[in-house]
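Structure first, commentary second.
The values are calculated or read from the model by the stated rules, or taken from the named source; none is laboratory data. As the structure is a computational prediction, the values presented were derived from the model and not from experiment. Glycine also receives a Cβ, built like all others from the backbone with ideal geometry; neighbour counts cover every protein chain displayed.
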Amino acid sequence: MFTQSGENADPTSQFFRRRRDIQGTRAIAVLLVLAYHARVPGFSGGYIGVDVFFVVSGFLITSLLVREFDTTNKISLRDFYARRVRRLLPASLVVVIGTLIISRIWLEPLRLNDLTQDARAAALFATNIVFAVRESDYLQSALPPSPLQHYWSLGVEEQFYIFFPIIVMVLLKLGKTSKSLLIAGLATITAISFAVCVAITPSMSAVAFYLLPFRAWELGAGALLALLGDKVSRFKSIKRELFGWVGLVIIVLVGLIFDSKTLFPGYAAGLPVVATIFLIASGDNSKFGPSRLLELRIFQWLGSRSYSLYLWHWPILIVARSANKAELSGADVALCILATLLLAELSFRFVEQPIHKVPRILNKSSRSLAFGALLIVTGLGASFIAAPATEGSVKAPQITTESSALASTTTIFQYSDSQLKELIDAAPKITELPADLDPPLAVLDDDKPEIYKLGCHDHEYDIPPVCEFGDLKSKTSIALIGDSHAAQWFEPLRRIAEQRSWRLQTFTRSGCTMLGVENGVLEKCRGWLKNVVAEIQNREFSLVVISGFTNREDLVDESPDGFIKNITELHTALTSNSQKVVYLADSPGPLMHVPICLSANIQTIQNCNFERDEAINQQTAEVLRGVWSSETSRFVDLTDWFCTSQICPVVIGNMVVYRDVSHISSAYALALTNVLMNQLEISLAS
């Protein structure tokens, strides 16, 4: 991807002609990625630099394999894999070890466990699979990213390198003297990969983003260009040069225009892919083409070091942000970039170059493959550098990793209103993390309501599953509808239903807000939302409780008129049969991932508290209050049960209020049982 296939010292040189314009293309791609990750203003779409690299890799590797076959009438898989080992693994391992060391010093303790897993995945070329399983959203996630998250693209490439040469070899052998079968085969694979990528991106964006089957078409596009290069070269040079400039301009413009809201990869990824094809097809050593720019010394320098630049920049930025405990200033970012350039130069001179020249000890493919196995084992062993603190550590009571801790320490309290108010008022004065923290930080990720485990929430069904609790024969029935911010109220609602002998039925699904903001409903949610509304209309619930995630920019991102129109239509639909409705305002949103912040501030937890005014979009709250305050509906705001007049503490009593960056913990939700029950009784009685 970022590597140079074929230098004079490498055996592949007999099959490969080095192109300086491609070196410059690498420079443009890595500059886009660096600008995006460094949050340089204007480069909101710089992530497309990775797509440029994918196309370049497909082009170069295919050129290498086909020329080897044309010259020797065979493809040596052993030699191919040996070259990939020498080129990719040494620098990759050095950066992994360096990242683990600096993370052990400066990264928040609670992030180290995931980092250990990520390092092992990096050693096994599976980082992209790990993040796809976690359903991390590379472009929109509010969770602190892993310092090794950028290794996902290396995972895609390394998996591609495992299968691709086998496919090329088989198709070339079957096609004998013609490459028609190879072209047809790769075109078919590329088309299928693109079609499936486009199809699943709206509903499974993390899977489409991270996994090889849905990114293979980008590498395949480069491969097809390599196979059709003779036909492309027949175009007049002036036309190819013009298309090259068009491609370069599109790449830069897309890097400026795309952002986190762009549905990606899908169709959108087609722009940088096609643009890169134009750029490569324009050729090198041209009089008027973009190669005149790309072959400048600065771009050659950056391009030759693009692999090391890519490897180093991300962990430096991520760990620096953690160590700084705040956003990096312009000067901080500049220092990080300088550090990246320095480390990239050192990696290039003392790791990439020496290995690339094929030292005597590695001059046989079998030795290189054995060396690769040794590097993998070393990477797996090095992962323990970032292992979390043991139980003997001073911080062990708070940073325990025993999954059984949740069941044994989460105690269900139901506080009276006065007791809870006293705890809230006293919370801003707490400075040290309580020894009996409920639940412990390390298990907060597992502190999800039981509705998840029951399969009633985290599902992919358009028809809502039947999930009922409490007294199923009761005349008083409550419906809970919404996304995960509605599901966070499941535990107290179930407790209330059991205590009052009510029937509770849930209709919740992750990511599926009921607000229906313009363009804000995920494609996967549309059918489900329609069916939920129909179910509510066809039933006679005593009370419908609706809630959902409301970010601080709702009316900034969307037009106020559209926002009001959509929630008004939802209000009309839910109250059409005179059912009573409670709109439960979203809980105040922290400005950070709370457990991670607390793990880094064991004795100064007040550093994790946040201002009440910053946690709520008052304009959005007032619009919601206006719509849901009617004869048949009530707007219920529980902010006073999370915050004082100024501060929203993240630890109240011995309870952690939030289990992540926005959801409240089940422990604190249960603490609000009486508060919530009072509100429901008021609504039922009105």
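Whether any residue in the range 172-188 is among the β-branched types (Val, Ile, Thr), in the same structural domain as ALA268 (by TED's automatic domain parsing) and within 26 Å of the chain's Cα centre (by Cα) is what I want to check. Among the residues of the range 172-188, not one is among the β-branched types (Val, Ile, Thr), in the same structural domain as ALA268 (by TED's automatic domain parsing) and within 26 Å of the chain's Cα centre (by Cα), which makes the answer no. Of the strands (runs of 3 or more DSSP E) lying entirely inside the range 433-536, those containing at least 3 residues that are touching a strand residue (DSSP E or B) at 6+ places or on another chain (Cβ under 6 Å) and buried (at least 20 other Cβ atoms within 10 Å of the Cβ) are 477-482, 503-508.
Residue check: GLY289 meets all listed conditions (1) surrounded by 14 or more Cβ atoms within 10 Å (Cβ to Cβ); (2) part of a helix (DSSP H, G or I) but one, namely (2). Output yes when any residue across the range 312-322 is without any contact (Cβ under 8 Å) to a residue 60 or more places away in the chain and within 30 Å of SER63 (Cβ to Cβ), and no when none is. Scanning the range 312-322 turns up no residue that is without any contact (Cβ under 8 Å) to a residue 60 or more places away in the chain and within 30 Å of SER63 (Cβ to Cβ). Of the residues making up the range 351-374, those that are assigned to a loop (DSSP other than H, G, I, E, B) and on the phi < 0 side of the Ramachandran plot number 4.
Within the range 95-115, restricting attention to residues that are buried (at least 20 other Cβ atoms within 10 Å of the Cβ) and of a type in the set (Val, Ile, Thr), the residue that is nearest to ILE318 (Cα to Cα) is THR99. Summed over the range 624-645, the residues that are touching a Lys or Arg at 6+ places or on another chain (Cβ under 6 Å) and in contact (Cβ under 8 Å) with a residue 60 or more places away in the chain give a count of 1. Within the range 52-59, none of the residues are out of contact with any strand residue (DSSP E or B) (no Cβ under 8 Å at 6 or more places or on another chain), among the hydroxyl-bearing types (Ser, Thr, Tyr) and not in a helix (DSSP H, G or I). When each of LYS231, LYS239, LYS261 is tested for being part of a loop (DSSP other than H, G, I, E, B), modelled with pLDDT under 95 and surrounded by fewer than 17 Cβ atoms within 10 Å (Cβ to Cβ), the lone residue that passes is LYS261. Looking at PHE80, is it buried (at least 21 other Cβ atoms within 10 Å of the Cβ), in contact (Cβ under 8 Å) with a residue 24 or more places away in the chain and in a loop (DSSP other than H, G, I, E, B)? In short, no. Evaluated against (1) over 23 Å from VAL656 (Cβ atoms); (2) surrounded by 17 or more Cβ atoms within 10 Å (Cβ to Cβ), ILE596 falls short on exactly one condition, (1).
Every residue, every condition in (1) in the same structural domain as VAL246 (by TED's automatic domain parsing); (2) closer than 27 Å to ALA122 by Cβ; (3) out of contact with any helix residue (DSSP H, G or I) (no Cβ under 8 Å at 6 or more places or on another chain), yes or no:
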site	(1), (2), (3)
PRO272	yes, yes, no
THR276	yes, yes, no
ALA281	yes, no, no
PRO290	yes, no, no
LEU296	yes, no, no
ARG305	yes, yes, no
ALA331	yes, no, yes
LEU338	yes, yes, yes
LEU342	yes, yes, yes
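All conditions in (1) in contact with a helix residue (DSSP H, G or I) (Cβ under 7 Å, 6 or more places away or on another chain); (2) modelled with pLDDT of 90 or more; (3) crowded, with 21+ Cβ neighbours inside 10 Å hold for PHE642, with the sole exception of (1).
Listed conditions (1) under 22 Å from SER510 (Cα atoms); (2) at pLDDT below 80 are all met by VAL533, apart from (2). Kindly evaluate LEU253 against the criterion of being loosely packed, with under 15 Cβ neighbours inside 10 Å, closer than 25 Å to PRO202 by Cα and assigned by TED's automatic domain parsing to the domain that holds PHE194. Yes: the conditions hold for LEU253.
Pairing each residue of the range 591-607 that is more than 18 Å from ASP447 (Cα to Cα) and in the same structural domain as ASP425 (by TED's automatic domain parsing) with any residue that is of a type in the set (Asp, Glu) and crowded, with 17+ Cβ neighbours inside 10 Å, provided the two are 6+ apart or on different chains, yields C-beta distances under 7 Å for ALA600/GLU108. Within the range 483-512, residues that are in the same structural domain as TYR583 (by TED's automatic domain parsing) have Cβ atoms under 6 Å from residues that are aromatic (Phe, Trp, Tyr) and not in a helix (DSSP H, G or I) in these pairs: ASP483/PHE549; HIS485/PHE549; ARG494/PHE469; ALA497/PHE469; LEU504/PHE469, counting only partners at least 6 apart in sequence or on another chain.
Within the bounds of the range 675-685, is there any residue that is farther than 30 Å from GLU540 by Cβ and touching a Lys or Arg at 6+ places or on another chain (Cβ under 9 Å)? Among the residues of the range 675-685, not one is farther than 30 Å from GLU540 by Cβ and touching a Lys or Arg at 6+ places or on another chain (Cβ under 9 Å), which makes the answer no.
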